[in-house]
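Coordinate-derived values only; no laboratory data. Model, not experiment: these values are computed from the prediction. Cβ sites come from the backbone with ideal geometry, for glycine too, and all protein chains shown count toward neighbours.
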Amino acid sequence: MANLTIIEGNKNDAVGRRSIAVNGRFIRGYGVPKYKSDADRLRVVEAARGFLGYNEADGSHKKIIDIYNGYKPLARGYAVSYDDAWCATFGSAVAIVCGLTGIIPTECGCEEQIKLFKVRGAWVEDDSYVPKPGDYIFYDWDDSGAGDNTGLTDHVGIVEESPIALNVGDRTDTGSAAPSGAFTAEGIDVSKWQGEVDFAKVKAAGKSFVIIRAGLGLSADPNWEKNYKNAKAAGLNVGAYWAHNEGSGDTVTRALAEADACLGILKGTQLEYPVYYDLEVGDQKNWNAMAYAFCQAVEAAGYYVGLYTSESFLGSFDAAFKQRFTLWVANWSRKPGTGAIWQKSSKGNVSGISGNVDLDTAFKNFPEAIKNAKLNGFGKTAPAPAAPAPETTSRPSDRIMDLATRTIRGEFGNGAERKTLLGGNYDSVQAEVNHRLTASVDTLAKEVIAGRYGNGPDRKAALDYRYNEVQAKVNDLLK
C-alpha cells in the first residue's frame, strides 16, 4: 500500500513530517481546495515546508500563531493563544501566507474547519480517494480503517507527497528540484571584480542570462553601466542585484535608502530577470525587516524583486517573506531546498571572463513572466518611487486599516491586480499603505501610543517589518 507524507504542526512538539498509508487507519477525510492549478498546490506545500522545525520549545511556533491572529476577521472571533493546540492554526497560516484563503478556510479548530470545507464543496470522505499534494488531511485516532468514519476529528496536516505527482510545468519560485520537462536556464552573475567581460563569448559558451551588480550600499557598481550595455548588446537576458554593505547600519531606514539608490541607478533599464537584494552581512536579527523594506519599496516602483542569500542564512527570514518574494539561493556543494535560482559555484570558468565567476541555474522562465506582467521597464516606463506620505494623517475606517494590513501582507498583489481587487477602496488603502511604509519612526510611534494600530498581534500585523523599530521607539517614549 502506498504511503503519504504529511507536514503537520503538533501540540508540545514541532512542525514535522508523518508517513501514513493511503486510505489506511485514522483518516477522517480530506479538505480538497479548489486550486486553479497544480502550481498553487506546490505553493502550499512549499509554504508548509518553510515552517518545518518551528516548535514550542524555543517559541518559534508563536510566529505561526501570530500570522493566524493577524488575519481578520478571526474565525468565530477567537484569537489563538500560544498555549492552545495549533495544528489547524498551522494549516490556516499556510493558506494566509499563500494568499489562498478564498479556497482554504481559516480556522483554529479541526471540526470547524471541516464544516467550512463542506460549505465550499471541498470536503471528501471517500475511502477510494487518493489525495494530491496540497490537500488537507484530517485524522481520527479512533478510526479503524473499515467502513465510514463516524468519530470526531483529532488532528490535521497538509499532504506533501502522494502517489499522484503534480504537473507544474514552469516551476514556481520555490522548491529544490525542477520537475521533469520544466524550464531551466544557465547563467552567471558579475560585478566589478570580474573586470572586462566579453559577453558575446559568455553567450557563445551557452549562458542565456547574467545578473549584474548594480550597486553596493548607496553607490553604483563602477562597471554597472558598461556591463549592462554590453550584456544587452550580446543578446543576454539581464537581471540586477544590489548589495547591502557591512558597517553601514543594519536598519530598515538603511534598507530603504539602499532601495532608493538602487531605483535611481535602474531608471531607464529593461531587465528580463528580477532585481535582488543581496543580504549577507551585518546583524542577522534585522535582516527580515530590512529585506521586507527593500523588496516592498522596489516592488512598488514596478519591479519583480527578490532576495539573494546563502541557504545557511534562510532561517533569518520568515516563511511569509520567503513565500511572497522570489529567492536566489547560494549553495556551492549541493542543490538547495528552495529558490527559483540556484547559485551553484563561485569558481566557474567561462569563456569571456578572466578568472573565476559565479555560476547560476534558473528554474523559472523569468523573461516570460516579467514581460507578460509588464514589469522591469517592459511595456511601460517603470514608475518613480512613491512620494513620501504626509507625516501625519487622520485614521481611516477600520475596514481601510484592515485592507491596508492585508495589502502589505501581499494578499492583493500589485499594480493592476491590486486596483482590481480593491476596487473603490484602492486610493484610500494605498494611501494608508504608503503612510505606513514611508512615515518616520517617530510619527508611527506616536500613532501607536494614540491607539491607531491597536495592540498585540493587530499592531504587529499593521506595522509588518517596521514593528520592531517602531515598538522600540514607543517603549522609549513611554519611559
*Mind giving me the nanometre distance, one decimal, between the label points for Leu478 and Val119, set 7 Å out from Cα along Cα→Cβ?*
3.5 nm
*Check the straight Cα-Cα distances from Lys226 and name the lysines below 18 Å, setting aside those fewer than 8 residues away within the same chain.*
Lys192, Lys201, Lys203, Lys267
*Once the Cα atoms of helix 110-119 and of the chain are each reduced to a long axis, what angle between those two axes, in degrees from 0 to 90 to the nearest 10, is obtained?*
80 degrees
*Could you rank the peptides 39-48, 3-12 by their average count of other C-beta atoms within 10 Å per residue, with the highest value first?*
39-48, 3-12
*Once phi is turned into θ = phi - 60°, what whole-Hz ³J(HN,Hα) does the Karplus curve with 6.51, -1.76 and 1.60 give for every residue of region 248-263, x standing for Gly and Pro?*
9, x, 9, 10, 4, 4, 5, 4, 5, 5, 5, 4, 5, 5, 4, 4
_Partner aspartates and glutamates for Lys115 [C-alpha distance under 15 Å; skip if fewer than 8 residues away on the same chain]_ = Glu107, Glu125, Asp154
*Treating each Cα of region 185-372 as an identical point scatterer and ignoring solvent, apply the Debye formula and state log10 I(q)/I(0) at q = 0.08, 0.16, 0.19 Å⁻¹.*
-0.22, -0.96, -1.39
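Using a 10 Å cut-off on Cβ atoms, rank the peptides 77-89, 267-279 from the highest mean neighbour count down. Mind dumping the intermediate values first?
Values: 77-89: 16.8, 267-279: 23.2.
Ranking the peptides 77-89, 267-279 by packing returns 267-279, 77-89.
Between Asp398 and Phe183, what length in nm is gained on full extension when 0.36 nm per residue of separation is reduced by their alpha carbon distance? Can you show the working numbers first?
Working: separation 215, 0.36 × 215 = 77.40 nm, distance 4.42 nm.
Fully extending the segment from Asp398 to Phe183 adds 73.0 nm.
Helix-only mean residue ellipticity at 222 nm, the chain, DSSP H runs n ≥ 4 weighted -39,500 (n - 2.57), per residue, nearest 500. What is it?
Details: 16 runs with 162 residues, N = 479.
Taking each H run of at least 4 residues, the total per residue is -10000 deg cm²/dmol.
Excluding Asn331 itself, calculate the net charge of residues whose Cβ lies under 10 Å from the Cβ of Asn331, where each Lys or Arg counts +1 and each Asp or Glu counts -1.
On the way: positive: Arg334, Lys335, Lys344; negative: Glu311.
Residues near Asn331 contribute +2 overall.
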*Modelled label reach - Ser248, point 7 Å along Cα→Cβ, region 263-298 residues with backbone N closer than 14 Å*: 263-266, 276-283, 290-291, 294-295
*How many angstrom lie between the C-alpha centres of region 253-267 and region 1-54?*
40 Å
_For Lys364, give me every one of the aspartates and glutamates with a C-alpha distance below 13 angstrom, ignoring sequence neighbours fewer than eight places off in its own chain._
Asp170, Asp173, Glu186, Glu272
*asked:* With θ taken as phi - 60° and the coefficients 6.51, -1.76 and 1.60, list the Karplus ³J(HN,Hα) couplings across region 183-191 in order, rounded to whole Hz; mark glycine and proline as x.
replied: 5, 9, 8, 9, x, 9, 10, 9, 8
